[in-house]
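Visitor: Please read through the structure below; I'll follow up with questions.
The values are calculated or read from the model by the stated rules, or taken from the named source; none is laboratory data. Everything quoted here is computed from the prediction, not taken from an experiment. Cβ coordinates were reconstructed from backbone atoms using ideal geometry, including for glycine residues, and neighbour counts include every protein chain displayed.
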Amino acid sequence: MDKFTLNLFEEAELIQMGSEILCTGAMVLRGFALCDETAIFKALDTITIAAPLRYMVTPGGFRMSVAMTNCGSYGWVSDHNGYRYDAIDPNNGQSWPNMPDVFLHLARRAALCAGFDNFIPNACLINRYEPGTRLSLHQDKNECDFDAPIVSVSLGIPAIFLWGGLRRADRPIRVPLLHGDVVAWGGAARLHYHGVLPVKPGYHALTGSCRINLTFRKAI
Ligand code: SIN
Ligand code: FE2
């Protein structure tokens, strides 16, 4: 049995912690990242020293309200040329910081729990939401391979995640996400619209007044 296979104890733990199915192919794994929180924040410090969080600019010239950076072989970038994945951080001309093992293993375990075997993410987008910041409904469709799922890890202050359908007009459900919750979606749910409502002011010991979200993708 490889280390990404769940044993019966882990399966029981998952059921006990509570996991919710949003629709076929999409699952919320409550508290799934909590056991790794210390290692996650240590790794985040190292990443954000090498590749600081920054406000990217939309193709239309607007400054995005969510501050972003990346780790892994590819990073998601936006500028006047459009949205894309790039192996180079445009701020310093260097590769993005490596994806730490704790990130990779967390994403793989979460994907497996949601039914997606052998997920090998090569990009992790790190988003920082300050109070009042939102992410409008969108599909994650800059990736080349829609067979791979998306794994999204919520850290810090809570947020309301919007989970919609395959059409923008499908009315989204509201899913409260707390520190340590993980959402994974793929298969039939891979191109569902999703977003985040404006984040309410709050405080968390590990992130202060912010929410941090990590999304793991197979970018290329
Ligand atoms: C995203 O859609 O890329 C991020 C979602 C979130 O912040 O929960
Ligand atoms: Fe997204």
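Visitor: If you check LEU155 against the conditions, is it touching a Cys at 6+ places or on another chain (Cβ under 6 Å), touching a residue at least 24 places away in the same chain (Cβ under 8 Å) and within 11 Å of ligand 1 (Cβ to nearest atom)? Quick ask: steps written out before the conclusion?
Guide: Working: touching a Cys at 6+ places or on another chain (Cβ under 6 Å): no; touching a residue at least 24 places away in the same chain (Cβ under 8 Å): yes; within 11 Å of ligand 1 (Cβ to nearest atom): yes.
Answer is no for this residue.
Visitor: Examine the range 165-175 for a residue that is surrounded by 15 or more Cβ atoms within 10 Å (Cβ to Cβ) and touching a Ser or Thr at 6+ places or on another chain (Cβ under 9 Å), and state whether such a residue exists. First the steps, then the outcome.
Guide: Here is the first cut: in the range 165-175, the residues surrounded by 15 or more Cβ atoms within 10 Å (Cβ to Cβ) are 165, 172, 175.
Pick out the ones that are also touching a Ser or Thr at 6+ places or on another chain (Cβ under 9 Å) and you get none.
Scanning the range 165-175 turns up no residue that is surrounded by 15 or more Cβ atoms within 10 Å (Cβ to Cβ) and touching a Ser or Thr at 6+ places or on another chain (Cβ under 9 Å).
Visitor: Another question, then. Would you pick out the residues in the range 195-220 that are closer than 18 Å to LEU106 by Cβ and surrounded by fewer than 18 Cβ atoms within 10 Å (Cβ to Cβ)? Please lay out each step first, then the result.
Guide: Step one: of the range 195-220, the residues closer than 18 Å to LEU106 by Cβ are 206-207, 211-219.
Matches in the range 195-220: LEU206 only.
Visitor: Which residues, counting only those in the range 204-220, are charged (D, E, K, R) and outside any strand (DSSP E or B)? Talk me through it step by step, then tell me what you get.
Guide: So the first thing to find is which residues in the range 204-220 are charged (D, E, K, R), and the list is 211, 217-218.
If the condition is that a residue be charged (D, E, K, R) and outside any strand (DSSP E or B), then LYS218 is the only one that fits.
Visitor: Output the residues belonging to the range 117-163 that are touching a helix residue (DSSP H, G or I) at 6+ places or on another chain (Cβ under 7 Å) and among the acidic types (Asp, Glu).
Guide: Correct list: empty.
Visitor: When you scan the range 117-126, do you find a residue that is more than 20 Å from TYR55 (Cβ to Cβ) and either in contact with a Pro (Cβ under 8 Å, 6 or more places away or on another chain) or within 14 Å of ligand 1 (Cβ to nearest atom) (or both), even just one? Explain how you work it out, then say what you get.
Guide: Of the residues in the range 117-126, the ones more than 20 Å from TYR55 (Cβ to Cβ) are 117-122.
After this cut, where a residue has to be either in contact with a Pro (Cβ under 8 Å, 6 or more places away or on another chain) or within 14 Å of ligand 1 (Cβ to nearest atom) (or both) as well, the list is 119, 121.
Yes, that holds for at least one residue.
Visitor: Given (1) within 16 Å of ligand 2 (Cβ to nearest atom); (2) of a type in the set (Lys, Arg); (3) under 14 Å from PHE216 (Cβ atoms), where does ARG134 come up short, assuming only one miss?
Guide: (3)
Visitor: State the number of residues belonging to the range 162-198 that are within 16 Å of the chain's Cα centre (by Cα) and within 16 Å of ligand 2 (Cβ to nearest atom). If you could, list the steps in order and put the result at the bottom.
Guide: From the range 162-198, those within 16 Å of the chain's Cα centre (by Cα) are 162-163, 175-186, 189-197; that's our starting set.
This time we only want the ones that are within 16 Å of ligand 2 (Cβ to nearest atom), so: 162-163, 175, 177, 181-186, 189-197.
Going through the range 162-198 one residue at a time, the tally reaches 19.
Visitor: List the residue pairs whose Cβ atoms are under 9 Å apart, where the first residue sits in the range 26-52 and is within 26 Å of PRO90 (Cβ to Cβ), the second is exposed (fewer than 14 other Cβ atoms within 10 Å of the Cβ) and modelled with pLDDT of 95 or more, and the two are 6 or more positions apart or on different chains.
Guide: The qualifying pairs are ALA43/ASP101; ALA50/ASN92; ALA50/GLN94; ALA51/ASN91; ALA51/ASN92; ALA51/GLN94; PRO52/ASN91.
Visitor: Quick check, is VAL102 surrounded by 15 or more Cβ atoms within 10 Å (Cβ to Cβ), over 25 Å from GLY165 (Cβ atoms), in contact with a Pro (Cβ under 7 Å, 6 or more places away or on another chain) and at pLDDT 95 or above? Don't jump to the end; show me each part of the working.
Guide: Working: surrounded by 15 or more Cβ atoms within 10 Å (Cβ to Cβ): yes; over 25 Å from GLY165 (Cβ atoms): yes; in contact with a Pro (Cβ under 7 Å, 6 or more places away or on another chain): no; at pLDDT 95 or above: yes.
Against the criterion (surrounded by 15 or more Cβ atoms within 10 Å (Cβ to Cβ), over 25 Å from GLY165 (Cβ atoms), in contact with a Pro (Cβ under 7 Å, 6 or more places away or on another chain) and at pLDDT 95 or above), VAL102 does not qualify.
Visitor: A further question on this structure: Out of the residues in the range 139-161 that are aliphatic (A, V, I, L, M) and within 15 Å of ligand 2 (Cβ to nearest atom), state the one that is surrounded by the most Cβ atoms within 10 Å (Cβ to Cβ).
Guide: Step one: list which residues in the range 139-161 are aliphatic (A, V, I, L, M), which gives 148, 150-151, 153, 155, 157, 159-160.
From what is left, the residues that are within 15 Å of ligand 2 (Cβ to nearest atom) are 148, 150-151, 153, 159-160.
Numbers: ALA148: 21, ILE150: 27, VAL151: 30, VAL153: 27, ALA159: 24, ILE160: 16.
If we take residues in the range 139-161 being aliphatic (A, V, I, L, M) and within 15 Å of ligand 2 (Cβ to nearest atom), then VAL151 is surrounded by the most Cβ atoms within 10 Å (Cβ to Cβ).
Visitor: What's the number of the condition GLY132 fails, among (1) farther than 22 Å from ARG190 by Cβ; (2) in contact with a strand residue (DSSP E or B) (Cβ under 8 Å, 6 or more places away or on another chain)?
Guide: Condition (2) is where GLY132 drops out.
Visitor: Now for a separate question. When you scan the range 62-109, how many residues do you find that are within 16 Å of ligand 1 (Cβ to nearest atom), of a type in the set (A, V, I, L, M, F, W, C), farther than 16 Å from LEU44 by Cα and not in a loop (DSSP other than H, G, I, E, B)? Explain how you work it out, then say what you get.
Guide: Taking the range 62-109 and keeping what is within 16 Å of ligand 1 (Cβ to nearest atom), we get 64-72, 74-78, 83-85, 103, 106-107.
In the following step, the residues that additionally are of a type in the set (A, V, I, L, M, F, W, C) were identified as 64, 66-68, 71, 76-77, 103, 106-107.
Of the ones still in play, those that are also farther than 16 Å from LEU44 by Cα are 64, 66, 76-77.
Of the ones still in play, those that are also not in a loop (DSSP other than H, G, I, E, B) are 76-77.
The qualifying residues number 2.
Visitor: Go through the range 23-75 and give me each residue that's β-branched (Val, Ile, Thr) and either crowded, with 17+ Cβ neighbours inside 10 Å or more than 27 Å from LEU112 (Cβ to Cβ) (or both). Before the answer, list the steps.
Guide: Within the range 23-75, the first condition is being β-branched (Val, Ile, Thr), and the residues that meet it are 24, 28, 38, 40, 46-49, 57-58, 66, 69.
Those that are β-branched (Val, Ile, Thr) and either crowded, with 17+ Cβ neighbours inside 10 Å or more than 27 Å from LEU112 (Cβ to Cβ) (or both): VAL28, ILE40, ILE47, THR48, ILE49, VAL57, THR58, VAL66, THR69.
Visitor: A follow-up question, please. Condition (residue is touching a strand residue (DSSP E or B) at 6+ places or on another chain (Cβ under 8 Å), in contact (Cβ under 8 Å) with a residue 24 or more places away in the chain and within 27 Å of SER209 (Cα to Cα)) applied to the range 74-85: is it met by at least one residue?
Guide: Taking the range 74-85 as the starting set, the residues that turn out to be touching a strand residue (DSSP E or B) at 6+ places or on another chain (Cβ under 8 Å) are 74-80, 83-85.
Still in the running and in contact (Cβ under 8 Å) with a residue 24 or more places away in the chain: 74-76, 83-85.
Next, only the ones that are within 27 Å of SER209 (Cα to Cα) stay: 75-76.
Within the range 74-85, one or more residues are touching a strand residue (DSSP E or B) at 6+ places or on another chain (Cβ under 8 Å), in contact (Cβ under 8 Å) with a residue 24 or more places away in the chain and within 27 Å of SER209 (Cα to Cα).
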